[in-house]
Amino acid sequence: MLGEILCDAGEEVSADDVLGIIEDDQPEPQAQAEAEQETEEAVEEEAAEEAAEEPAAEETAADLGAQTKAEAPQRGAITDRARWLAMASGVEIDGLSGTGPGGRIIVRDVEVAIAQRKTAPEAPGKETAATAAKQILLSPAEQVLAQRMSQAHRDIPQYDITVVADATHLVAWRKSRKDAPRITAIMVKLSADALAGHPRINATFLGRSWRPNTSANIAVAVDTPHGMLWPVLHDCQNKTLQQIADELNDLAAKAREGKLIAHDNVDANFTITNLGMYDVEVFNAVIWPGQTAVLAIGAIRREAVVVSGAILPRHVVRLTLGCDRRVVEGAFGARYLVRLKELIETAKM
């Protein structure tokens, strides 16, 4: 190629004059050698940098889990930065589509996958044989209970108050009788007697009004294989303790055998539940919708009690009254419990 022109434009020259210098396309041997040396040094330097990066990469992959490293594609299909971002974020590389040169996976591809995973709705868990086996259908009685208790918690502004009654005389009275009625039957009789002077406790809530009831129809919670049932003892105010005890035994047996009839389950105005036989000291019961109160009876325990300035062992029982605030204000509920406590402590059967 023409390297240099040695004459000016328009200048006269002879046949022997040198007009220019033509240079060879190939580099001089010395220059070529220097260029090759520089190229070799650059390659060696790049190889050294890659070798220095490999241990760190191996350590990072080990920290993030051998399984993820084994699942990663070959180098060249994904950039190093994209690979480590995917590993750290738990993104499956095999499912990614690369948008880099030659289809290579780059950081932006991993970031898109992370964003899509955050916004995607969570898939519902598949039901397995194990989870399906744990699903137990409620019995008809339990379904009714679930519906009414949900209604009670939603609609009734319930509050609970508790008193401690001295049951020493009551316990002594039962021990003196060979065929003594159960505690629950005694509590039904005493509760019915106490209801006589407290119409708001023995009442029916009607939405915008309430109705006092003349009959003490008391439902008693009975534990059965079919769920909790509440057979009703009607007109308890007119029955003796023995009549109540016999009727309660009969209703409890029918409830456990699934033989209750319609009359056995209707017109309750007040409910009693007793967990004392399970050694439960105190608990709160839920008011049945339509009623205005419920009585929860705890276990009778022997405790040290101060009596006339002396510490004496006494049998005590805790009574908790759940009240519907729309009808039964605090004082009404308290007065009923005071009366019931008096009846228990005198134990005049």
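We did not get these values from a lab; they are worked out from the coordinates using the rules stated. Source: prediction; values computed, not measured. Neighbour counts run over all protein chains shown; Cβ positions are idealised from the backbone, glycine included.
Each of the peptides 227-236, 99-108, 86-95 was scored by the mean count of other Cβ atoms within 10 Å over its residues; in descending order, highest first, they stand as 227-236, 86-95, 99-108.
For segment 198-318, compute the orientation-averaged projected area of the C-alpha convex hull (one quarter of its surface), in nm². Hull-based average projected area comes out at 9.8 nm².
3J(HN,Hα) along segment 241-257, derived from phi through the Karplus expression 6.51 cos²θ - 1.76 cosθ + 1.60 where θ = phi - 60°, amounts to 4, 5, 4, 5, 4, 5, 5, 5, 4, 5, 5, 5, 5, 5, 5, 5, 8 Hz, with x in place of Gly and Pro.
Remark: 173, 84 ranked as 173, 84, counting other beta-carbon atoms within 10 Å and listing the fewest first.
Scalar couplings 3J(HN,Hα) for segment 148-161, obtained by applying the Karplus form with A = 6.51, B = -1.76, C = 1.60 to θ = phi - 60°, are 6, 5, 5, 4, 5, 5, 7, 9, 9, x, 8, 10, 10, 10 Hz; x denotes Gly and Pro. A Förster radius of 51 Å combined with the Cβ-Cβ distance from residue 97 to residue 139 puts the calculated FRET efficiency at roughly 0.40.
Simple rule: put +1 on each Lys or Arg Cβ and -1 on each Asp or Glu Cβ in segment 266-349, find the dipole, and look at 321, 283, 311; the Cα lying farthest toward the positive end is 311. Residues in segment 302-308 carry Karplus couplings, in order, of 8, 9, 7, 10, 7, 10, 6 Hz; the curve used is 6.51 cos²θ - 1.76 cosθ + 1.60 with θ = phi - 60°, and Gly or Pro positions show x.
The Cα-based radius of gyration of segment 257-349, divided by its Kirkwood radius, gives an Rg/Rh of 1.05.
Spin-label model, residue 307 to residue 284: label points 7 Å out along the Cα-to-beta-carbon direction sit 3.3 nm apart.
For segment 140-346, the spread of Cα coordinates along the three principal axes comes to 50, 38, 30 Å, biggest extent given first. Between the C-alpha center of segment 210-269 and that of segment 278-314 there is a gap of 22 Å.
Among 134, 341, which comes first, second and so on when ranked by fewest other beta-carbon atoms within 10 Å?
Arranged by neighbour count, lowest to highest, 134, 341 become 134, 341.
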